Amino acid sequence: MGFAIHGLFFLSSDNTKHAEVQKEFQSLHPILRIGVSSLIWIDKELVITDASRKPEDYKKMGLKTAKQSLHYKQKDGFAYAIDLRTNNRSDLRNNLIKTYFWLMGFNTLRHVGTGDHLHVSLSCKYKPGGI
């Protein structure tokens, strides 16, 4: 119980790209927060590069605005997606992380938007088929 409560509400700045992402952690769906927090116990160097977004954030990144992004807060007030750093990490480590999230029932996609990263999302009834 203590582990779950800790994982829901606390994220070290060591595991975020910048302070804004640490603040956004609370906007993530609780199941996603627990999944990430559980992995951080094993991989202390895991870094979340992005979490909750707004449509204008895509323009700031030089990308087309995504209409169906699970990074947006949904009707229940939670974002359903995060991005994890893959740079300077072995392919084995990145594939193990991808497999961990897949086994836990999350959607995973390694892709390049503003840089190589692993996109992890939780299925959302507000955006069926969204990833």
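Points worth noting:
- If only residues of segment 85-102 that are surrounded by 11 or more Cβ atoms within 10 Å (Cβ to Cβ) and among the polar types (S, T, N, Q) are counted, the one that is nearest to residue 32 (Cα to Cα) is 99.
- From the list 48, 82, the lone residue that is touching a helix residue (DSSP H, G or I) at 6+ places or on another chain (Cβ under 7 Å), closer than 21 Å to residue 34 by Cα and without any contact (Cβ under 8 Å) to a residue 40 or more places away in the chain is 48.
- Boolean, residue 125 is closer than 15 Å to residue 68 by Cα, of a type in the set (Lys, Arg) and free of Cβ contacts under 8 Å to residues at least 24 places away in the same chain: yes
- Counted residues, segment 32-51 - those being assigned to a helix (DSSP H, G or I), surrounded by 15 or more Cβ atoms within 10 Å (Cβ to Cβ) and among the β-branched types (Val, Ile, Thr): 3
- Taking segment 82-131 as the range and being within 21 Å of residue 72 (Cβ to Cβ) and among the β-branched types (Val, Ile, Thr) as the test, the residues that pass are 82, 108, 112, 114, 120, 131.
- Within segment 57-68, not a single residue is buried (at least 21 other Cβ atoms within 10 Å of the Cβ) and outside any helix (DSSP H, G or I).
- One residue from 91, 57, 50, 76 being of a type in the set (Asp, Glu) and at pLDDT 95 or above: 76
The values are calculated or read from the model by the stated rules, or taken from the named source; none is laboratory data. From a predicted model like this one, the values you see are computed outputs, not experimental measurements. A quick note on method: Cβ atoms are made from the backbone with ideal geometry, for glycine too, and the neighbour counts reach across all protein chains shown.
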